[in-house]
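Inspection log for the structure reproduced underneath, given as structure tokens.
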Amino acid sequence: LLLAFAPSPGKTAKLLRASANWKTTAFFVFWILIFIISHLWNFRTAPWNGDALFDESGWDLYFLKHYVIGHPYQAAWFHPPWISRETLFHYYVWLFFRLFGYNILSYEAAQFVIWCAIFFFTLLLVHLLFESWTVTSVTALIFNFLPFSFIYTFTGYRYSLGTALCLGSLYFLHLGFKIGSAFSLSLGGIAAGLCLASSITGKQYLLVLLLFGIVYAAFHRRSAKAHF
């Protein structure tokens, strides 16, 4: 799907040259480094230093051990009579375990990568919407030290992956419609599809997209016809 909508090699090189901006790159690299340093500062003595996990995280690891490892791939496992657990996060964590060892630190490293992605796509989306360095910087500062997200960076559980996919999908969809890029739209669509196998919030995100599409088509018929 991505190759089908990918621009030609010549156009790709032209787009890369046009988007290569050292100021923008340095800006986002700076805030990513701030995020990494601030979260790893005093990691050994922090309350989320690996001595324990959030209760739901323990259940995620239990589910990974008993229902994912050694079983055929399943997008979701259903626990009778009412619980369904999406497995994309578990396969993602399993990769970190295979690479770095079966321990709590590997689990927290997997969570840390997810939250770096959440932080990055949040800044990209805000900058795309407002096109203001000041607004993006204020957003980065607030988000970085927001107590909820700061603590959940290491003690969170499977819903964080759904958040990262939702933000990535929303960014690429908005970018695709803004610049008329079928490739960006396909990236956003794939990320939205993966939301189904990530968490309940991912399913809610898809319902919101569907509702927004219906409302937008109802109030903007001419532009909707131009898009579709």
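Some observations on this one:
- The single condition among (1) part of a helix (DSSP H, G or I); (2) closer than 28 Å to residue 105 by Cβ that residue 157 does not meet is (1).
- Just one of (1) part of a helix (DSSP H, G or I); (2) crowded, with 19+ Cβ neighbours inside 10 Å; (3) in contact (Cβ under 8 Å) with a residue 12 or more places away in the chain fails for residue 127. It is (3).
Table: residues versus (1) polar (S, T, N, Q); (2) over 29 Å from residue 24 (Cβ atoms).
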site: 164; (1), (2): no, no
site: 182; (1), (2): no, no
site: 186; (1), (2): yes, no
site: 211; (1), (2): no, yes
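- In region 123-165, the residues that are under 24 Å from residue 57 (Cα atoms) and of a type in the set (Ser, Thr, Tyr): 149, 152, 153, 155, 157, 159, 160, 163
- Subset of region 188-214 (residues that are touching a Phe, Trp or Tyr at 6+ places or on another chain (Cβ under 7 Å) and open to solvent by 60 Å² or more (accessible area, probe 1.4 Å)): none
- Answer residue from region 21-53, given it is open to solvent by 80 Å² or more (accessible area, probe 1.4 Å) and assigned to a loop (DSSP other than H, G, I, E, B) and is modelled with the highest pLDDT among those: 41
- Among the residues of region 176-187, the ones that are touching a residue at least 12 places away in the same chain (Cβ under 8 Å) and open to solvent by 30 Å² or more (accessible area, probe 1.4 Å) come to 6 in all.
The values are calculated or read from the model by the stated rules, or taken from the named source; none is laboratory data. Being a predicted model, the structure only gives us computed values, none of them experimental. So basically every Cβ, Gly included, is an ideal-geometry build from the backbone, and we count neighbours across all protein chains shown. Areas reflect the complete protein model, heavy atoms only, side chains present, ligands, DNA and RNA absent. Shrake-Rupley method; radii C 1.70, N 1.55, O 1.52, S 1.80 Å.
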